[in-house]
1. What accessible area, in Å² to the nearest ten, does a 1.4 Å probe give for K17?
2. In nm, give the distance between the simple-model label positions of E22 and K79, each being 7 Å from the Cα along the Cα-to-Cβ direction.
3. Between K90 and S34, 0.36 nm times their residue separation minus their Cα-Cα distance comes to what?
Amino acid sequence: DEDEDDDDSNEEDYENKIDLLENEKEWFYSDQLSSEPHGPLSLKDMFELKEFGQIQPQTLIWCGRYSEWMSLEKSDLEKNLSLLNQLKSKKISKKKNMKKKKSLTKKKKQEK
């Protein structure tokens, strides 16, 4: 039961980190066509803009921890997207392991 509590708290940690990374609206971008910055946007929004080609490697982006605007290709946005994907996959594999563990426990109880 203690292990189960640890699993629940770990899952909650992953949920919180994923939620923070995905939804915290701290990103801005500026395209060549307009001098007005667009944002604040979440990491998830930025990922979608990148996927649909609305922001390019040379697009200027900014978030609160940057001292100045920089191009997407020089930023840590890719690293943050990668971290988000890693957290999501860890969360999924943890859930699968928890299901296996519960299934084995249930099976053992039935065998007794």
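1. Roughly 110 Å² of K17 is accessible to a 1.4 Å probe.
2. 2.3 nm
3. Values: separation 56, 0.36 × 56 = 20.16 nm, distance 3.95 nm.
Gain on extension, K90 to S34, equals 16.2 nm.
The values are calculated or read from the model by the stated rules, or taken from the named source; none is laboratory data. What you see is a predicted model; the values in this text were computed from it and never measured. Positions of Cβ are backbone-derived with ideal geometry, glycine not excepted, and every protein chain shown enters the neighbour counts. Accessible surface is based on the protein model in full, side chains and every heavy atom, while ligands, DNA and RNA are left aside. Shrake-Rupley method; radii C 1.70, N 1.55, O 1.52, S 1.80 Å.
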